[in-house]
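Written below as structure tokens is the structure these notes are about.
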Amino acid sequence: MPKLKTHRGAAKRFKKTASGKFVRRSAFKRHLAASKTTKRKRHLGKPSVVSPADAPTLEKMLPYK
């Protein structure tokens, strides 16, 4: 069987945890930050778990991760 190719864009953005879940960075942190509260910006800096609906797609994109 041929080997599967890793989606390089996804490989740079997502990481798999020890339990098998995918972790991502939060959006809305790059600019226009003055209007956001300190608490909101702090929480956006933390990684968050990918939605269960998107996890099967990432499994295909990252077969060896």
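Just so you know, all these numbers are worked out from the coordinates, no wet-lab data involved. Since we're looking at a predicted model, the values are computed, not measured. No Cβ is skipped: glycine too gets one built from the backbone with ideal geometry, and neighbour counts run over all protein chains shown.
Report yes if some residue within segment 56-63 is more than 25 Å from K3 (Cβ to Cβ) and surrounded by fewer than 13 Cβ atoms within 10 Å (Cβ to Cβ); otherwise report no.
No, because not a single residue in segment 56-63 is more than 25 Å from K3 (Cβ to Cβ) and surrounded by fewer than 13 Cβ atoms within 10 Å (Cβ to Cβ).
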Give me the pairs: first residue in segment 8-24 and among the aliphatic types (A, V, I, L, M), second residue part of a helix (DSSP H, G or I), beta-carbon distance under 9 Å, and six or more apart or on different chains, which are they? A10/T57; A10/L58; A10/M61; A11/M61
Elements of type helices (runs of 4 or more DSSP H) in the chain, at least 2 residues being in contact with a strand residue (DSSP E or B) (Cβ under 8 Å, 6 or more places away or on another chain) and at positive phi: none
Name the pairs whose Cβ atoms lie under 8 Å apart, with the first residue in segment 37-55 and within 13 Å of R25 (Cβ to Cβ), the second part of a helix (DSSP H, G or I) and of a type in the set (S, T, Y), and 6 or more positions between them or separate chains? none
Check off (1) surrounded by fewer than 12 Cβ atoms within 10 Å (Cβ to Cβ); (2) within 14 Å of the chain's Cα centre (by Cα) for T37 and give me the number that stays unchecked. (2)
